[in-house]
Every structure is written in structure tokens, then in C-alpha cells.
1. Reported to two decimal places, what Rg/Rh ratio describes the stretch 34-184 when computed on Cα atoms with Rh from the Kirkwood expression?
2. Can you classify the stretch 123-215 as rounded, prolate or oblate using the Cα gyration tensor, where a ≥ b ≥ c are the square roots of its eigenvalues, rounded means a/c under 1.5, and otherwise it's prolate if a/b beats b/c and oblate if not?
3. Please list log₁₀ I(q)/I(0) at q = 0.12, 0.23 Å⁻¹ for the stretch 292-396, using the Debye equation with identical point scatterers on the alpha-carbon positions.
4. So what J values fall out for the stretch 124-134 if you push phi through Karplus, 6.51 cos²θ - 1.76 cosθ + 1.60 with θ = phi - 60°, rounded to Hz, Gly and Pro as x?
5. Can you compute 3J(HN,Hα) from phi for each residue in the stretch 177-185, using the Karplus curve 6.51 cos²θ - 1.76 cosθ + 1.60 with θ = phi - 60°, rounded to whole Hz and x for Gly and Pro?
6. Based solely on its DSSP helices, what 222 nm [θ] is calculated for the chain when runs of n ≥ 4 H residues each add -39,500 (n - 2.57) and the sum is averaged over all residues, nearest 500 deg cm²/dmol?
7. List the residue ranges in the chain for DSSP H helices whose C-alpha atoms run 15 angstrom or more along the long axis and whose Kyte-Doolittle average is 0.0 or above.
8. Show which aspartates and glutamates lie in cross-link reach of Lys99 when reach means a straight Cα distance below 15 angstrom and same-chain residues fewer than eight apart are skipped.
Amino acid sequence: MAEQTDRTSPYKRVGRAGKLSLLGKIKYYLKCAVIVPIPLLFNIIRATTVAANRRLTVSSFAAAGFLRTLLEQLSPEEIQYYNPNACDTYHAWLEEKSKDPQVKKFPGLQEKLSVDIETLPNGKSSIFWVGDRRTCKKVVLFFHGGGYVFPLLPGHLEWALRYVEETLNTKNEFAVAVLQYTLVPSARYPSQFAEAVDGLQHLFDSGFEPKNIIIGGDSVGGQMAHALLAHVVRPHPAVRKIELAHPLAGAFLVSPFVSLNTQTASYRSNAPIDMLSAPIIRDTARSFFHGTNGHEEIKEGLGWSFPMDVPETWVDSMGAATGKIYITAGKHEIFATSCEEYAERVRGRNTGSVDVTLEIGEKEAHDFILLEGLLKQKGDATERMLKWAIEAISED
């Protein structure tokens, strides 16, 4: 089922991404007024001080301190109450783009940015299209990050737009299929992963071939991308199987959440400056796995969720899923060590079948490509990603 609406049509806002009871709202506003300001000030001052000492861009790390405070201080339900519904975000962003003079600099781009939402057969998730799926030659299936508690953010859509801009009116023109999936606590593991599989199957059913599809995402979206690749090789028993006629064009994992180990070198050195922290990671895993057998899977050596916490043979045969994987992390993020080790493991276990590109942003922390999107900047992280994606689709 699909919904196609002109940008100029009236749209009734859905509202916030989550609901709170009257008591919950009172607690939320009291928390924001009384409790949150102190850790917010502390996190921003600490992050910007460390950033200044390391000669990094202070404003970016101030934003990281703000996001860290939200993740540390607010419950999943409160975070979703704070943020607009994903559908509202998508409509508002498209409305903004309809008036954006920067968009008009790209001939023909305006016509490709209209509301196009496809509800998947599972009835739970949707695809929000950025670009024209009817005329595109290549597709990015995008899984947004946010710890499974944040809804889609405008920065993710800005990021998606870069793919369309960069390939507009070329033989490899992109459209981006942004998966809107069910958030925690409404759904737990492996529901989000299953919805990612449904999204990919929908693209196949719509006529797109694996060789013309790149999958990927940021943070937990990167985790979802890994899970999908692993599922092709070793199907998860609770998720529908998916078969590829041939490997996907590529996969990108931006600051992927691939390990629960909080004792690495990058955790120790980057805890004061990153938007994530060990307590946030523990809370994320606890919420994600609550009431499921996720932890038992890891103990049994099954690595759909956290491949770096199981035997290294888990990433064998990834070439059956894709021949190109792009992994990036910030030098100043707590995931830096696990991301580097994941890249080396995949490369080492798939010599000759998977071309693994690892890039470490020298002045970045966690998921800085999203921060660039939120700030409407086409920065270094975005440029690196686009370069890899265009090369990946140009080699087929």
C-alpha cells in the first residue's frame, strides 16, 4: 500500500513520537526544568573543554553534549514525547525543501522531492522516499540511528538528500528508501531487524535488483545493516528468510553498535567527549533485549546483534551478501576501537570476497555525519561517504 501526496496538500500533523500519561507529563516537565539543566551544563562544558584541548570544532561537541544529556536523563518514552513523529518530521522537512533556495540550484531536484510513503505489508513500518523511486537507477535502503528510541531526525533526511543531489540526472541516479521502523519500547529485538528485512524484500518485490541496492545506517542503524548481511548468510530463526539472486551493491556502517564491551581503549579515552557513554550503552542494550533471548544468543556465539562479542568465524562468508562494505567511526568516539576491530575482522575473514573500506574521522566523535546533517552541512564525513557510495555503484 502506498501514499503519494503533493507537497502543497494540507497535512494534519500526527504529533509527538510518543505519548505520556498526565502524571508522566508532569514528571517529564519537572525533570526538564529541575534535573536536566545541571547535567546538560556539565556535559556541554566538559565536552567543549576537551574538544578545545584536542583542537577540535567546539560547536560540534557542544551538540554531542546536548544529545548525550537527552540519552542519559530521559526515558525512551520521554525522548519520544520530546521529538516529533517520524511522519511529521518527513512532511515538515519536505515542506522546508520546497522553499529552500539551495535545492533550486540543482535543476530537476525540486520535482523529485515530494511526499512518497509506502506502508510495508507488515503494517508496522514504512518507507519514506527521498528522491524519485520511479526514475532512479540505484537505491539506498537507509536505517536511521538513535538507540532504537529516537525517531527519524531531519539530519537523517539531509544525509539522504546528499545521495540524490550527488547523482541527479546521471546514469546512476539514487533514490533513498528511509525505513521507518518500530521503536523501543513498542517493539524489542529482533523486531527492528525483521522490519529491515521486510524493507529489503519490498524493494525486491518492487523490481529493484540486489546489484542496484546499497544498505546501511548510523549507530544502531549500522547494527541493523550488519544483522541483515549476517541474516543472508545465517538466517535468524525468528526472522523471514531472504534470498539474493546476487550480492548487494554495498553496505555502509557509520559508527556501528557492534559490541557491548565497555572496557576498550576508546571508551577510556573518549568517555568525556563523546555523545555516548557506558551507562547509555548498557541502558540501550537492556531496553533492546528486555524480555527477549538476545543475551542468550550472544552466549551461544550467535552474532546477529553484536558480532564482536562472539567468535570471529561469525562474519565468515559475508561475500554472499555484498562485496563492498564501508565502515567509518570518529577517532574521538567510544565505539572507535570496536569499529576498527570489526572492520579488520570482516576483512580478514573474507579476503578476496569483500572489499572493506575503513575510515576514521580524525576530528569526529560518534555519528558526526548525522551532526553534519542536523547542521545542514556537507562536511568531511558526508563527503567521504558519498565518494565511497558513488564508486561502489560505478564499478558494476
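1. Details: Rg = 18.1 Å, Rh = 17.3 Å.
Rounded to two decimals, Rg over Rh is 1.04.
2. Judged from the Cα gyration tensor, the stretch 123-215 comes out oblate (a/c at least 1.5, b/c at or above a/b).
3. -0.49, -1.21
4. Those phi angles translate into 9, 10, 9, 10, 9, 8, 10, x, 9, 5, 7 Hz.
5. After applying 6.51 cos²θ - 1.76 cosθ + 1.60, I find 9, 8, 7, 9, 10, 6, 8, 6, x Hz.
6. Working: 14 runs with 164 residues, N = 396.
Helices in the chain give a 222 nm mean residue ellipticity of -13000 deg cm²/dmol.
7. Working: long enough: 37-53 (24 Å, 1.02); 58-73 (22 Å, 0.77); 86-97 (16 Å, -0.88); 154-167 (21 Å, -0.68); 191-205 (21 Å, -0.06); 220-233 (20 Å, 1.20); 278-289 (16 Å, 0.22); 336-349 (20 Å, -1.21); 380-394 (21 Å, -0.08).
TM-like helix candidates: 37-53, 58-73, 220-233, 278-289.
8. Asp6, Glu111, Glu158
Each reported figure results from applying straightforward, stated rules to the coordinates on display, with no laboratory input. All of these numbers come straight from a predicted model, not from anything done at the bench. Positions of Cβ are backbone-derived with ideal geometry, glycine not excepted, and every protein chain shown enters the neighbour counts.
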